[in-house]
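Taking it in order: structure first as structure tokens, then the write-up.
The values are calculated or read from the model by the stated rules, or taken from the named source; none is laboratory data. Please read these numbers as outputs of a predicted model, since none were measured by experiment. Using ideal geometry, Cβ is built from the backbone for each residue, glycine included, and neighbour counts are taken over all protein chains shown.
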């Protein structure tokens with residue numbers, strides 16, 4: 001119910017009334033259409049229709065690494081879709097809490113708040129323009145933020161989230177290092193028009209991939225133990241930002257409206273939301289405005305930008321992790337971006353070394 005209340009912030013009263021009269025199946029089918037109808041009220045952006053057309057996860061099996069979506073069936077790769085992570089695994093993994101998104105919308109996260117949290121904290125909200133101006137001359141914008149939940153599976157969320165299971169079967173006496181392969185990428189569908197790419201750059205530059213390493217169990221563990229691994233105060237996380245230094249001309253121009261000077265090729269830090277709040281001054285959540293940062297509600301988002309360092313360590317065992325893909329609404333590249341929508345191709349590939357034998 002909490003999620004539904006938050007989503008209603010994006011809908012007019014008329015749409016809410018109509019939606020409440022429809023049954024659950026009708027709601028699922030038309031969820032994307034409803035979101036697009038409300039696009040003018042979207043937090044930090046407008047007219048977004050960014051869809052993941054193809055999402056694939058793979059592992060380098062020649063090093064003894066295998067991947068699964070349910071902890072039962074392992075292979076060299078898995079294709080992610082609404083069916084594969086929501087419906088098809090319900091029998092083998094009945095208590096999963098995976099999330100699918102028909103159209104990505106801006107949200108904000110700094111990952112997990114402590115090492116005993118196995119899911120990212122995601123915030124969404126609404127933005128109000130006022131007639132007041134900040135000392136730097138920018139228009140004062142008030143932001144209300146709300147924490148989303150992932151207590152059950154959801155085929156129409158604002159971001160994508162799902163569990164994976166990695167089997168390291170090399171017999172390493174100690175843990176090996178897990179890396180993102182260089183084939184990991186987020187890009188436009190090959191048929192995307194060049195003009196549309198230019199229009200969408202602010203959104204592409206705001207995409208994030210998040211990972212939580214939850215825990216590991218022995219290779220021959222019962223399926224219930226594999227699927228229900230707990231953090232035990234040892235969860236680890238990272239956020240991968242593939243386009244941290246890329247800024248479109250439109251994003252650079254928009255940033256100047258808030259007193260932020262950006263240069264293409266130079267990273268601009270992002271301060272993600274860390275708490276619920278009402279009537280927050282949005283400009284106080286961005287670096288470079290000349291205004292003090294509100295550290296109660298905004299915190300520097302520490303991200304990985306390349307593939308040089310290990311993602312995590314994986315023992316000779318089955319390791320449960322959770323993957324996230326979202327548009328970071330606090331990334332200044334995503335501010336006020338208008339788009340006609342596009343499809344994205346996402347590939348996430350893992351490989352590991354044999355450090356456990358060293």
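Per-residue answers, yes or no, for (1) assigned to a loop (DSSP other than H, G, I, E, B); (2) under 22 Å from residue 158 (Cβ atoms):
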residue	(1), (2)
67	no, no
72	yes, no
84	no, yes
94	yes, no
111	yes, yes
115	yes, no
118	yes, yes
123	no, yes
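Let's see how each residue does on (1) surrounded by fewer than 21 Cβ atoms within 10 Å (Cβ to Cβ); (2) at pLDDT 90 or above; (3) out of contact with any helix residue (DSSP H, G or I) (no Cβ under 9 Å at 6 or more places or on another chain); (4) under 24 Å from residue 211 (Cβ atoms):
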position	(1), (2), (3), (4)
267	yes, yes, yes, yes
292	yes, yes, no, no
299	yes, yes, yes, yes
322	no, yes, yes, yes
338	yes, no, no, no
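How many residues are assigned to a loop (DSSP other than H, G, I, E, B) and over 18 Å from the mean Cα position of the chain (by Cα) when one looks only at the stretch 290-317?
First, pick out the residues of the stretch 290-317 that are assigned to a loop (DSSP other than H, G, I, E, B): 290-297, 301-303, 305-311, 315-317.
Going one step further and asking which of them are over 18 Å from the mean Cα position of the chain (by Cα), we end up with 290-297, 307-310, 315-317.
Of the residues in the stretch 290-317, 15 are assigned to a loop (DSSP other than H, G, I, E, B) and over 18 Å from the mean Cα position of the chain (by Cα).
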Flag if residue 242 is over 19 Å from residue 69 (Cβ atoms), modelled with pLDDT of 90 or more and loosely packed, with under 13 Cβ neighbours inside 10 Å: no
Taking the stretch 62-118 and keeping only residues that are surrounded by fewer than 19 Cβ atoms within 10 Å (Cβ to Cβ) and closer than 19 Å to residue 237 by Cα, one is left with 97, 113, 114, 115, 116, 117
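Return the total of residues in the stretch 145-168 being assigned to a strand (DSSP E or B) and either within 30 Å of residue 314 (Cα to Cα) or over 20 Å from the mean Cα position of the chain (by Cα) (or both).
Within the stretch 145-168, residues that are assigned to a strand (DSSP E or B) and either within 30 Å of residue 314 (Cα to Cα) or over 20 Å from the mean Cα position of the chain (by Cα) (or both) number 10.
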Test residue 135 against the stated conditions and say whether it is over 24 Å from residue 213 (Cβ atoms) and touching a strand residue (DSSP E or B) at 6+ places or on another chain (Cβ under 9 Å). no
Restrict the check to the stretch 193-205 and report whether at least one residue is crowded, with 22+ Cβ neighbours inside 10 Å and within 19 Å of residue 311 (Cα to Cα). no
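Please specify each residue of the stretch 269-286 satisfying the condition of being out of contact with any helix residue (DSSP H, G or I) (no Cβ under 8 Å at 6 or more places or on another chain) and not in a helix (DSSP H, G or I). Please lay out each step first, then the result.
So the first thing to find is which residues in the stretch 269-286 are out of contact with any helix residue (DSSP H, G or I) (no Cβ under 8 Å at 6 or more places or on another chain), and the list is 269, 272, 274-285.
If the condition is that a residue be out of contact with any helix residue (DSSP H, G or I) (no Cβ under 8 Å at 6 or more places or on another chain) and not in a helix (DSSP H, G or I), then 269, 272, 274, 275, 276, 277, 278, 279, 280, 281 are the ones that fit.
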Looking at the structure I just gave you, is residue 215 part of a strand (DSSP E or B), surrounded by fewer than 22 Cβ atoms within 10 Å (Cβ to Cβ) and modelled with pLDDT of 95 or more? yes
Quick test for you: out of 153, 123, 159, pick the one residue that is surrounded by 14 or more Cβ atoms within 10 Å (Cβ to Cβ) and in contact with a helix residue (DSSP H, G or I) (Cβ under 8 Å, 6 or more places away or on another chain). 153
When residue 194 is run through (1) touching a residue at least 40 places away in the same chain (Cβ under 8 Å); (2) out of contact with any strand residue (DSSP E or B) (no Cβ under 8 Å at 6 or more places or on another chain), the failure sits at (1)
